[in-house]
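I have placed the structure first, in the form of structure tokens, so that the comments after it can refer back to it.
All of the numbers you see were taken from the coordinates with simple rules; none came from a lab. Keep in mind that this is a model prediction, so the values were computed, not measured. With ideal geometry, Cβ positions are generated from the backbone for all residues, glycine too; neighbour counts draw on all protein chains shown.
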């Protein structure tokens, strides 16, 4: 666990997305689409910012390492929710696997969020929601990254 945990993400990517089309936890139809992404370090490497571009929306993520707490915090914003910054998720890596948790409201429902990162040459990100306080988790978005 260190400020270098997300170094694998620096650079330009093609991103294969598989996502539940409706509000997660309430829909079952999966859609697939391509996007492109670019990530770069900030603050001497203690933070990383990325942008992702799909056909009909754009998003950005800020990840910042807190050495005192030995955790990463992750914030998300997109053109689908103008002027909003989602509450942060917090977590850490154990080897090449990172797990991050947070709370939010989605479609009017309180939800626990989980991000799973698998680092490496072809990283994978998964988002899961829990509507029962973390007892069960539903994967609703998977991104597979390939170098551009």
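Relative to one another, the C-alpha centroids of the stretch 58-78 and the stretch 100-133 are positioned 13 Å apart. The protection proxy used here, the mean number of other Cβ atoms lying within 10 Å of each residue, ranks peptides 138-144, 71-77, 10-16 as follows, highest first: 71-77, 138-144, 10-16. On the beta carbon distance between residue 80 and residue 38, with R0 = 25 Å, the FRET formula returns roughly 0.85. Take the alpha carbon gyration tensor of the chain, find the square roots of its eigenvalues, order them as a ≥ b ≥ c, and report rounded if a/c is under 1.5; if not, report prolate when a/b exceeds b/c, else oblate. Note, shape of the chain comes out oblate.
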